[in-house]
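Have a look at the structure below, then the notes.
Values in this text are rule-based calculations from the coordinates and carry no lab data. The structure presented is a predicted model; accordingly, all values stated were derived computationally and were not measured. Neighbour counts are summed over all protein chains in view; Cβ atoms, including those assigned to glycine, are modelled from backbone coordinates with ideal geometry.
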Amino acid sequence: MSQHSADILWQRDGQDFVGNRYSRRHTIRFDGGAEWAGSSSPHVVPLPMSDATAVDPEELFVASLSSCHMLWFLSIAASRGFCVERYTDRADGRMGRSAAGKVAMTVVTLRPQALFSGERLPTREQIEAMHHSAHDQCFIANSVHTDVRCEPVLEDGTPQ
C-alpha cells in the first residue's frame, strides 16, 4: 500500500507559551511540495491566537472527504463514458458530541454538482449511482466513523 505524509512546523518565536498566549499558526508541507498556512479554528481557540485566514484541521477533514469523493466520481464518470465539464462541491462539517461524549466531527455533508457535456448525458439515476459508488470507494470516507453524507446538486442548483 502507498504511504502519504505531511510535515507540520510550529515555532514559539518568543511568544508566552506557558501563559497560553501563543499563536496556533503553523506551516503544513505536503509530500508533493505544496505548502499551506495552518491554524486552530477560531471556533476552538479565539482570535488572535488563531488565524482565521489559515486552514484549520476541521476544514482539512471536510476538504479531504470532498476531494476524495470528487476524484472517485470523475474516475467513475470517465469509465462510464460521460464527459464532466465542471465539478463543484460546497461541503461542510458539523461538530458535536460523539456517542462516547467526545467533541467530534459528527456530520459531513457533501453537495457535489457536476456539469456534463457531449452527446451522452447521464440520467439522474446514473448520476446518483456514480455518487453512491464514489462514496463506497472513497478511501477517506472508508477511514472515518463520521456520518458522511452526500447530497448532489443538479446543474440548476436544486438538490438531487
When the dipole is taken about the Cα centre of the chain, and only Lys, Arg (+1) and Asp, Glu (-1) are charged at their Cβ, what size is it in debye, to the nearest 20? 360
For His26, His131, His145, what's the fewest-to-most ordering of other Cβ within 10 Å of each Cβ? His145, His26, His131
Quick check on region 7-160: of the DSSP beta bridges with both residues there, what percent are antiparallel, nearest 5%? 80
Based solely on its DSSP helices, what 222 nm [θ] is calculated for the chain when runs of n ≥ 4 H residues each add -39,500 (n - 2.57) and the sum is averaged over all residues, nearest 500 deg cm²/dmol? -8000 deg cm²/dmol
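Region 47-132: which GluC sites (Glu not before Pro) are DSSP loop and have at most 14 other beta-carbon atoms within 10 angstrom?
For GluC sites (Glu not before Pro) across region 47-132 that sit outside H, G, I, E and B with at most 14 neighbouring Cβ atoms in 10 Å, the list reads Glu119.
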Within a 10 angstrom radius of the beta carbon, how do Ile8, Ile76, Ile127 rank from fewest other beta carbons to most? Ile8, Ile76, Ile127
Taking a Cβ-Cβ separation under 4.7 Å as the criterion for a possible partner, which cysteines of the chain have none? Cys83, Cys150
What order do you get for Ser50, Ser133, Ser5 when you list them from fewest to most C-beta neighbours inside 10 Å? Ser5, Ser133, Ser50
Of all DSSP beta bridges having both residues in region 77-160, the percent classed as antiparallel (nearest 5) is 70
For helix 57-79, what angle does its Cα long axis make with the longest principal axis of the chain, in degrees from 0 to 90 and rounded to 10? 20
Signed unit charges on C-beta, dipole axis of the chain, positive-most listed residue Val108, Phe17, Gln3: Phe17
